[in-house]
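Just below is one structure, and these are the notes that go with it.
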Amino acid sequence: MKNTPKTITMQVTRFRPGEDEAPVVQSYEVPLRKEWAVLDGLNHIKDHLDGTLSYRWSCRMGICGSCGMTVNGKPQLSCATFLTDYAPGPVRVEPLRNFPVIRDLVVDISDFMEKLPKVKPWLIHDGEPPEGEFLQTPREMDEYKKYSMCINCMLCYSACPVYALEPEFLGPAAIALGQRYNLDSRDDGAEDRRDVLASAAGVWACTFVGECSTACPKGVDPAGAIQRYKLTAAVSALKDYLLPRGARR
Amino acid sequence: MSRRSPEPLVWLLFSGGGMVAALLVPVLLVLFGLAFPLGWLPAPDHEHLLALVRHPVTKLVLFGLCAMALFHWAHRFRYTLYDGLKLKQASTLIIVVCYGTAVVGSVVAGVVLLRA
């Protein structure tokens, strides 16, 4: 450990509205400690070097989903990405791609916030709720559990080349969350979600590049959820073509 | 998109075509491109192969493989042109050319197989 450098250079993209015409890169030297994540480096800059740096963060443990950034070109949670992995540096920290920048590393997520409720990501249950608990077997839970791990960090939107080209695309996380409820044994809302999920801006916009699943820090596999829903939607569409109205579903 | 959009149907042809091509094309390539010409396996004689190809089931399987693989190509190439070359504004022309080529190719495959 003797030869390990004690500092690392962080090249942080700055954009101060009214001050900067375009984003500029600013370099900071921060201590290189093995337990420090990129977020700790940013906190060090904010506390000791430059209080004007803006970025979002909250939990520091990969649950809140607010500290997504582009680190050395890849979408990452800055709290789960360690500075030592980029030694000797420099490490580039940029805002999430495919979103408008408000200031420095803070992006405008209103597009996602508008899309998310369209897939009705809540339990839709026909009839009366059961008395007491809503029972479910472990196997029934396994059907959707992976998709329920989404923390809305939007790394998948940042990684998706289709979202970059077609901003109206519903996007990986929203579709995976729709599937999270469609596949839940307690839910009867699949038909309600179908017009949004099975639309041109829904699953049919996806060309299965798969970068969303690579970027996802929680193992949600949105690409898998989308391909699975494509089959469901295609079979439903075939039934619409071939069967009389009464025999569908 | 209305529920009458053809997108799910062309996607079914695309995904089915990818599956069929992935399962059958490597086998055919290894047999007819390597194993028979290089003598790894005794090559069937012409009469035998012709009798096999003339069987209705073989014709059906080969036609399915040709048509579905062509539709797989058409769908993939359409999106390559849309996203890779950013030509989505020429969408109608691209759709006609891609799926049209697949239809023409399928008809040609059908005629060749029927005449065999």
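The values are calculated or read from the model by the stated rules, or taken from the named source; none is laboratory data. Quick caveat: nothing in here was measured; it's all calculated off a predicted structure. Every residue, glycine among them, receives a Cβ derived from its backbone with ideal geometry; neighbour counts consider all protein chains shown.
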Residues (surrounded by 12 or more Cβ atoms within 10 Å (Cβ to Cβ) and among the aliphatic types (A, V, I, L, M)) located in region B:1-27: B:MET1, B:LEU9, B:VAL10, B:LEU12, B:LEU13, B:MET19, B:VAL20, B:ALA21, B:LEU24, B:VAL25
Residues located in region A:4-22, provided they are touching a Lys or Arg at 6+ places or on another chain (Cβ under 7 Å) and outside any strand (DSSP E or B): A:PHE15, A:ARG16, A:PRO17, A:ASP20
Which numbered condition A:PHE99 fails, given (1) modelled with pLDDT of 95 or more; (2) on the phi > 0 side of the Ramachandran plot: (2)
Residue match in region A:112-131 (condition: touching a Gly at 6+ places or on another chain (Cβ under 6 Å), β-branched (Val, Ile, Thr) and surrounded by fewer than 19 Cβ atoms within 10 Å (Cβ to Cβ)): yes
Residue selected from region A:198-235 under the condition among the hydroxyl-bearing types (Ser, Thr, Tyr) and more than 8 Å from chain B (Cβ to nearest Cβ), by the criterion farthest from A:CYS160 (Cα to Cα): A:THR232
Helices (runs of 4 or more DSSP H) wholly inside region A:135-236 that include at least 2 residues being touching a strand residue (DSSP E or B) at 6+ places or on another chain (Cβ under 6 Å): A:155-159
Selection count, region A:173-210, where residues are of a type in the set (D, E, K, R) and more than 27 Å from A:PHE134 (Cα to Cα): 1
Some residue of region B:75-86 being away from chain A (no Cβ under 14 Å) and surrounded by fewer than 18 Cβ atoms within 10 Å (Cβ to Cβ): no
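Taking the condition surrounded by 24 or more Cβ atoms within 10 Å (Cβ to Cβ), on the phi > 0 side of the Ramachandran plot and away from every other protein chain (no Cβ under 14 Å), does A:GLY171 pass?
yes
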In region A:34-48, the residues that are loosely packed, with under 15 Cβ neighbours inside 10 Å and either over 28 Å from the mean Cα position of the chain (by Cα) or part of a helix (DSSP H, G or I) (or both): A:ASP47, A:HIS48
